[in-house]
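The values are calculated or read from the model by the stated rules, or taken from the named source; none is laboratory data. For clarity, every value in this text was computed on a predicted model and none was experimentally measured. We place every Cβ from the backbone using ideal geometry, glycine too, and count neighbours over all the protein chains shown. Side chains included, ligands, DNA and RNA excluded: accessible areas come from the protein's heavy atoms. Shrake-Rupley method; radii C 1.70, N 1.55, O 1.52, S 1.80 Å.
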Amino acid sequence: MKLVTVAEMRTLEAAAVEAGTSLAQLMEEAGLAVAQEAWMLLGTLEGRRITVLAGPGNNGGDGLVAARHLIDWGAEVAVVLPAGTNDDARVQELRDREALIADGPGADDLDSLLSMADLVIDALLGIGKGRPLSAEEPIGAALARLGAARQGYTPPRVLAVDLPSGMDADSGAVDPLTVTPDLTVTFGLPKVGMYQAPASAMTGRVQVIDIGIPKAAMEGVALELLTSRWAKGALPARPESANKGTFGRLLVVGGCERFPGAPRLAATGAYRAGAGLVTVACPREIQPVVAAGLAEATWLPLPGAEDGGLKDVAAIALRPEWQAYDAAVFGPGLGHTGETEALTWAVLPDMAADLPRGVVIDADALNALAAVPNAADRIPAGAVLTPHPGEMARLMRIPVAEIQARRLEVAREAAARFGCTIVLKGAHTVVAAADGRAALSPFANPLLATAGSGDVLAGMIGAYLAQGLEPFDAARLGAYLHAAAGESLREEYGSSGLLAGEIATRLPRVVREIGAS
């Protein structure tokens with residue numbers, strides 16, 4: 001399912017107008033859809049009281065059209081208007097129907113209209129929010145009073161038109177006055193902000209309505225929401241005649257005395273994602289510890305450094321070995337040291353040039369790249385980078401707060417700058433390709449915020465590379481299935497207490513369920 005920014009939605013609306021659909025027609029389609037969804041939400045309209053909060057723009061116009069239909073279908077409708085819209089032709093249509101018209105969102109009788117309503121339609125702003133709201137202004141005051149009504153003894157249901165008022169359609173930022181609806185009826189395509197935190201938790205159920213946007217225009221939208229249907233089609237084939245070589249050979253390079261579990265978790269994630277053979281290259285001093293929990297892997301013990309990680313000269317031992325593999329995961333648990341920086345410098349980008357299906361660069365390898373001034377020169381074209389927000393901040397040399405405020409934009413900027421696929425981890429993980437394509441995970445799950453979770457994800461992506469998926473597809477599939485496994489476990493665990501290895505253990509069951517759907 002594709003997602004759009006505000007600018008893209010405006011472009012799509014313009015394309016509809018160019019194709020012969022007027023803005024008035026688009027508004028009629030939107031308002032009719034809102035009225036129909038309101039009817040379905042309530043079950044019946046006879047004797048039901050509905051209050052429409054109508055703002056000054058197109059969103060308010062959609063609400064006025066919905067109000068007209070609802071009156072015609074038998075509902076008792078009150079419309080609260082902002083200043084300056086009383087001469088609107090749509091308002092006159094409501095007056096002709098003897099609708100109750102309240103003068104402005106700050107009307108004295110608004111509290112009773114809200115508290116007595118069975119349903120409130122929020123048509124104040126939609127995607128038109130441009131600045132913080134204030135309870136001293138009419139629209140902010142209306143939202144504050146709606147929020148109070150929602151806390152009452154018999155709270156009304158709320159339907160948001162296109163987007164809950166006060167929510168940023170691009171960033172997912174939410175104004176403190178925003179009221180979470182029961183249902184959001186959005187038009188054309190969902191907005192990207194609806195699937196970014198914190199907005200994703202405040203949209204209620206989302207219903208997407210076709211209002212006549214040309215399908216050809218929608219094909220140009222480059223952002224998608226990952227779905228189980230897409231994942232089912234992306235899963236690598238598993239022919240019955242296969243052997244372990246069919247499903248790829250993956251090399252995992254990582255580990256140090258402080259983080260011996262990281263390469264083991266990556267290798268486990270890779271095996272659970274279907275890799276045929278996984279070899280772990282780690283300091284020989286920790287190899288017995290790592291091997292004790294991973295009998296299935298093969299091993300490449302390498303020279304250890306005094307700081308507990310790999311010596312930079314380990315690159316010499318690695319070079320003749322990595323050519324036997326299809327793909328690699330480089331970085332889990334290497335440690336953030338000078339030796340790691342030197343090893344990363346020595347290994348990249350040559351490793352990826354010799355691996356036919358690419359490399360995942362993760363964790364401390366990302367920090368090592370961020371420590372050098374010309375990181376872009378060392379990042380292999382076509383690699384998959386898997387930073388969390390802190391690692392991304394170091395790579396891009398901007399504050400973490402900016403990363404989180406512009407997650408999609410920053411991921412796309414990094415992918416273009418480094419010529420690779422970026423997996424920006426976190427709530428609603430962003431996957432961005434160098435050519436501008438991007439995808440969002442539909443999941444935001446605190447259960448996955450646990451040590452080692454990212455190592456499992458890196459191993460999964462590496463496994464899909466080894467099985468022949470292109471980097472962007474491998475990254476998207478890994479991100480979706482990793483989060484889907486977390487959602488499956490959330491039903492049992494709640495929001496805390498998960499061990500990262502349990503994500504890998506749950507993965508085959510989730511893959512089976514998706515493949516059978």
Report task. Report yes if some residue within segment 212-226 is closer than 19 Å to ALA173 by Cα, in contact with a Pro (Cβ under 6 Å, 6 or more places away or on another chain) and in contact (Cβ under 8 Å) with a residue 60 or more places away in the chain; otherwise report no. Result -> yes
Query - Pairs, first under 17 Å from GLY43 (Cα atoms) and open to solvent by 10 Å² or more (accessible area, probe 1.4 Å) in segment 147-166, second acidic (Asp, Glu) and part of a loop (DSSP other than H, G, I, E, B), C-beta under 7 Å, six or more apart - result: ARG157/ASP118; ARG157/ASP182
Requested in this report: Take the residues in segment 464-517 that are among the polar types (S, T, N, Q) and in a helix (DSSP H, G or I), then tell me which one is surrounded by the fewest Cβ atoms within 10 Å (Cβ to Cβ).
Outcome: THR505
Report summary line: In segment 33-59, residues that are open to solvent by 50 Å² or more (accessible area, probe 1.4 Å) and either hydrophobic (A, V, I, L, M, F, W, C) or not in a helix (DSSP H, G or I) (or both) total 8
Report task. Within segment 178-190, identify whether any single residue is open to solvent by 40 Å² or more (accessible area, probe 1.4 Å), assigned to a strand (DSSP E or B), in contact with a helix residue (DSSP H, G or I) (Cβ under 9 Å, 6 or more places away or on another chain) and in contact (Cβ under 8 Å) with a residue 40 or more places away in the chain, and answer yes or no. Result -> no
Report task. Kindly check whether there is at least one residue in segment 125-137 that is under 17 Å from LYS191 (Cα atoms) and surrounded by fewer than 18 Cβ atoms within 10 Å (Cβ to Cβ). Result -> yes
Query raised in the report: Tell me, which residue of segment 279-328 that is surrounded by fewer than 14 Cβ atoms within 10 Å (Cβ to Cβ) and small (Gly, Ala, Ser) is nearest to VAL252 (Cα to Cα)?
Result: ALA324
Requested in this report: For segment 467-477, state whether one or more residues are more than 15 Å from the chain's Cα centre (by Cα), more than 22 Å from ARG437 (Cβ to Cβ) and among the polar types (S, T, N, Q).
Outcome: no
Query raised in the report: Within segment 118-133, can you find the residues that are free of Cβ contacts under 8 Å to residues at least 24 places away in the same chain and in contact with a Gly (Cβ under 9 Å, 6 or more places away or on another chain)?
Result: none
Requested in this report: Just name the residue that is surrounded by the fewest Cβ atoms within 10 Å (Cβ to Cβ) out of those in segment 354-387 that are among the polar types (S, T, N, Q) and at pLDDT 90 or above.
Outcome: ASN367
Report summary line: How many residues of segment 191-221 are modelled with pLDDT of 95 or more, buried (at least 19 other Cβ atoms within 10 Å of the Cβ) and of a type in the set (Val, Ile, Thr)? The answer is 2
Query - Criterion: touching a strand residue (DSSP E or B) at 6+ places or on another chain (Cβ under 8 Å), under 30 Å from THR344 (Cα atoms) and surrounded by fewer than 18 Cβ atoms within 10 Å (Cβ to Cβ) - qualifying residue of GLY254, GLY245 - result: GLY245
